[in-house]
Amino acid sequence: MQSHPPGKPPKSDPETRFLQKPGFLSAMQPSLIVDAHEDIAYNMLAFGRDYNRSAAETRQIENASGSQAINHNDQSVLGWPDYQRGRVAIVFSTLFATPLRRATGNWDTQVYGDYDQAQRLYRAQLDTYRNLTDRAPDHFQFIATRTDLESVLADWSDSSRATHPVGLVPLMEGAEGVRNPSELEDWWQSGLHMIGPAWAGTRFCGGTREPGPLTDEGRALLEAMAELGFTLDLSHMDELSARQSLDLYEGPIIASHANAAALLPGYDGNRLLPDDVIKGLIAHDAIIGVVPFCAFMKNGWKIGDKRDEITLATLAAHVDYICQMAGDARHVGLGSDFDGGFGLSAIPAGMDTIADLQALGPILQAKGYHDEEVAAIFGENWLRHLRTYLPA
Ligand SMILES: [Zn+2]
């Protein structure tokens, strides 16, 4: 069992920490991106999306065929050629299904009414990643171990190669796919090493729009997860459950996709992170993936609203907020959630696909972030977590 030392990083003056010297433009390759949250398997199974294609090609095909995907998940912003252009090397790719009470129509094939159904759907999504990576290993590789991780990263650092495989690290979102904590060992052996107990509320804890504490089953799940070394993803957990988990979880913790609630004045939901939870995450040496979704960057913004004033500079403010709180750039990363219930019309103005996340780099440099800090935020922080906690 990995126990996690709650070492707090050194503090420095928040006013000056990131203004010591301006970032210089180096001749190096742009930083690698690690994206900590994408519902790839869900989109493949619910809508037949093929992520070997570019986002532009997927849009063309879906628009021509009148695909349900556009009505329910907007125009795609993801695809293998876009990962290449954006140097997106690693994606935490989710296992996600919808509980029946939150389903919005028959179009959604990934809906469960009981835990056996949930288990089958979550398993099928893990199999989907195995199939995708078996069929197209030049495009995608399954990451179950540190060895798998280093092999993908070695490919990306080999500049003689024109293209590189994108590493997929599976992440369970909403833990109803685990019927009993005794099944965790089997999930671990299958290559799953990260679990978020909530999406909506689950029998384990309160979740988005369904507040509540950790339950006895939730405590048992966390205890068994820590025993095996699972990373706990606090995203979507109600803040009460999140605080309780920060107090008792003995394994590694992250928030794969969540923004700071304090930057959305008037926000009164339970999906974004209150300051004390962010501080707790930092104290656990956790990493928080900021989300470039307009509704998480401006309070009250709805799909269909204009996004003109919401830009990557807004996302940079979210990055900076967490860095200032931490006193360093080691606790923030990217967790786009792209194609996760929103698409092109709900991402920052000026962005077309995930490749455009690279434009965040110069914005951070202009704020005073050094090259190494930008690299940490883009990917190195997540890589540090994976290198520490994936099995060998
Ligand atoms: Zn989510």
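Placing +1 on the Cβ of every Lys and Arg and -1 on the Cβ of every Asp and Glu, with nothing else charged, gives the chain a dipole about its Cα centre of roughly 440 debye. Helical runs assigned H by DSSP (4 residues or longer) give the chain a calculated mean residue ellipticity at 222 nm of -10500 deg cm²/dmol, each run adding -39500 (n - 2.57) before division by the residue total. Considering every Cα-Cα pair within the chain, what fraction, in whole percent, is farther apart than 34 Å? Value for the chain (Cα pairs over 34 Å): 21 percent.
Across q = 0.25 Å⁻¹, the range 235-327 modelled as identical point scatterers on its alpha-carbon atoms has Debye log10 I(q)/I(0) values of -1.37, in the order of the q list.
Expressed as a fraction of 2.2 N^0.38 Å, the rule-of-thumb size for a compact globular protein of N residues, what is the C-alpha radius of gyration of the range 58-211?
The value comes to 1.16.
By its C-alpha gyration tensor, with a ≥ b ≥ c as the square roots of the eigenvalues, how is the range 263-377 shaped: rounded for a/c under 1.5, else prolate for a/b larger than b/c, else oblate? Oblate, because a/c is 1.5 or more while a/b does not exceed b/c. Span-like helix check, the chain: qualifying full DSSP H segments, with Cα axial length of 20 Å or more and mean Kyte-Doolittle of -1.0 or more, are 312-326.
The number of Lys pairs in the chain with C-alpha atoms less than 14 Å apart, excluding pairs fewer than 8 positions apart on the same chain, is 4. Close amide H partners of Glu210, meaning residues 5 or more places away or on another chain with modelled amide H under 5 Å apart, are Gly201.
Averaging over all projection directions, the Cα-based convex hull of the range 227-278 occupies 3.5 nm² in the image plane.
One equal scatterer on each Cα of the range 65-156, no solvent, Debye formula: the resulting log10 I(q)/I(0) at q = 0.19 Å⁻¹ is -1.07.
Every number in this text was worked out from the coordinates using simple rules, so none of it is lab data. Just so you know, these numbers come straight off a predicted model, no measurement behind them. When we count neighbours, we look across all protein chains shown, and the Cβ atoms used for this are built from the backbone with ideal geometry, even at glycine.
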